[in-house]
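K.L.:
Before I ask anything, let me first share the structure, which is written out below as structure tokens.
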Amino acid sequence: MRFTILASGSAGNATLIASDRAAVLVDAGLSARALAQRMTDVGFDPARLTAIVITHEHADHVGGLSVLARRLAVPVFIAPATRQQLRFKEKDMAAIRWADPLTAEAPITIGDLTLTPIAVPHDAAEPFVFTAQAGGVKLAVVTDLGYIPAHVAHHLTGCQALVLEANHDRDMLQAGNYPWELKQRIAGRLGHLSNDAMARFLREDFDGQAAHIILAHLSQQNNHPELARLAALQSLGDRYPRHAWTEVVSVAPPHGFAKWHRL
Ligand SMILES: [Zn+2]
Ligand SMILES: [Zn+2]
């Protein structure tokens, strides 16, 4: 299995996961044109995409979905409540190939890839994060959640790669110029993971197995890549001091990686 992040953050999110016999896009938060361009940039022909799976209905996750799904004619896996929230034209909704509706904890099979939707606390209709498994390796893409409940932490064991939200630094968020309501929403139980919450997971619940930890969905206003990375490295160093974690931890750039991560 290999994967890359095509976009990460409030301007758009998309993760491309490819195995021997399948290629799945988790979220389509950029325009279809930009997503196709980013795929081409990493040497992937968009025509080879086999499915799109959607975590939730926020614009930074579905912005390019309607056009991309119709243009590539690939099935879209989505929760029923999420699909109801989409504000696409009726004729466009009808032209999309909707796969069987997603249900929490019910794995779906796409070629040789198995994806499991996991319910998360976030201010959306039916938000999920996903694990993806193929050929004995496992990847988790975990963004857009206010905190990490025990059932989510449980799903993150045995992963060779973790894409993990590090949305904001609490102090930067509080000191910043966002309106009070927005600060409350972001920092709340149905908001986004802070550096602290991400670091606490790595210190207390992470099993130490992942060879790639990618910090994702960073706020450009309320975080800094080095702050997030240091918070992760501090926790990992405390918990597993003999491991060379600097090689493992990276931060997803807003415009994605120019390369694949191979598992
Ligand atoms: Zn988001
Ligand atoms: Zn969201």
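The values are calculated or read from the model by the stated rules, or taken from the named source; none is laboratory data. These numbers come from a predicted model, not from an experiment. Methodologically, a virtual Cβ is constructed for each residue, glycine included, from the backbone with ideal geometry; neighbour enumeration extends over all protein chains shown. Ligands, DNA and RNA are excluded from the accessible area calculation, which covers all protein heavy atoms including side chains. Shrake-Rupley method; radii C 1.70, N 1.55, O 1.52, S 1.80 Å.
K.L.:
Quick one: in the range 83-142, of everything that is in a helix (DSSP H, G or I) and out of contact with any strand residue (DSSP E or B) (no Cβ under 9 Å at 6 or more places or on another chain), which residue is least open to solvent (accessible area, probe 1.4 Å)?
P.N.:
Asp92
K.L.:
Ok, one more. Among the residues of the range 162-185, which ones are out of contact with any strand residue (DSSP E or B) (no Cβ under 9 Å at 6 or more places or on another chain) and either assigned to a helix (DSSP H, G or I) or on the phi > 0 side of the Ramachandran plot (or both)?
P.N.:
Within the range 162-185, Asp171, Met172, Gln174, Ala175, Trp180, Glu181, Leu182, Lys183, Gln184, Arg185 qualify.
K.L.:
Spot the failing condition for Phe3; the list is (1) open to solvent by 30 Å² or more (accessible area, probe 1.4 Å); (2) touching a strand residue (DSSP E or B) at 6+ places or on another chain (Cβ under 6 Å), and only one is missed.
P.N.:
In the conditions (1) open to solvent by 30 Å² or more (accessible area, probe 1.4 Å); (2) touching a strand residue (DSSP E or B) at 6+ places or on another chain (Cβ under 6 Å), Phe3 misses (1) alone.
Residue-wise test of (1) open to solvent by less than 10 Å² (accessible area, probe 1.4 Å); (2) away from ligand 1 (no atom under 15 Å from the Cβ).
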site: Asp41; (1), (2): no, yes
site: Ile54; (1), (2): yes, no
site: Glu57; (1), (2): no, no
site: Arg71; (1), (2): no, yes
site: Pro75; (1), (2): no, yes
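K.L.:
Does any residue of the range 186-203 turn out to be more than 16 Å from ligand 2 (Cβ to nearest atom), assigned to a helix (DSSP H, G or I), open to solvent by 60 Å² or more (accessible area, probe 1.4 Å) and among the basic types (Lys, Arg)?
P.N.:
yes
K.L.:
Taking the range 6-31, which residues are touching a Lys or Arg at 6+ places or on another chain (Cβ under 9 Å), more than 16 Å from ligand 2 (Cβ to nearest atom) and open to solvent by less than 10 Å² (accessible area, probe 1.4 Å)?
P.N.:
Leu6, Leu16, Ile17, Ala18, Ala23
K.L.:
Working only within the range 114-129, note down all residues that are away from ligand 1 (no atom under 13 Å from the Cβ) and touching a Lys or Arg at 6+ places or on another chain (Cβ under 8 Å). It would help to see each step written out before you state the result.
P.N.:
We begin by selecting, within the range 114-129, every residue away from ligand 1 (no atom under 13 Å from the Cβ); these are 114-119, 121, 125-126.
Listed by number, the list holds a single entry, Pro121.
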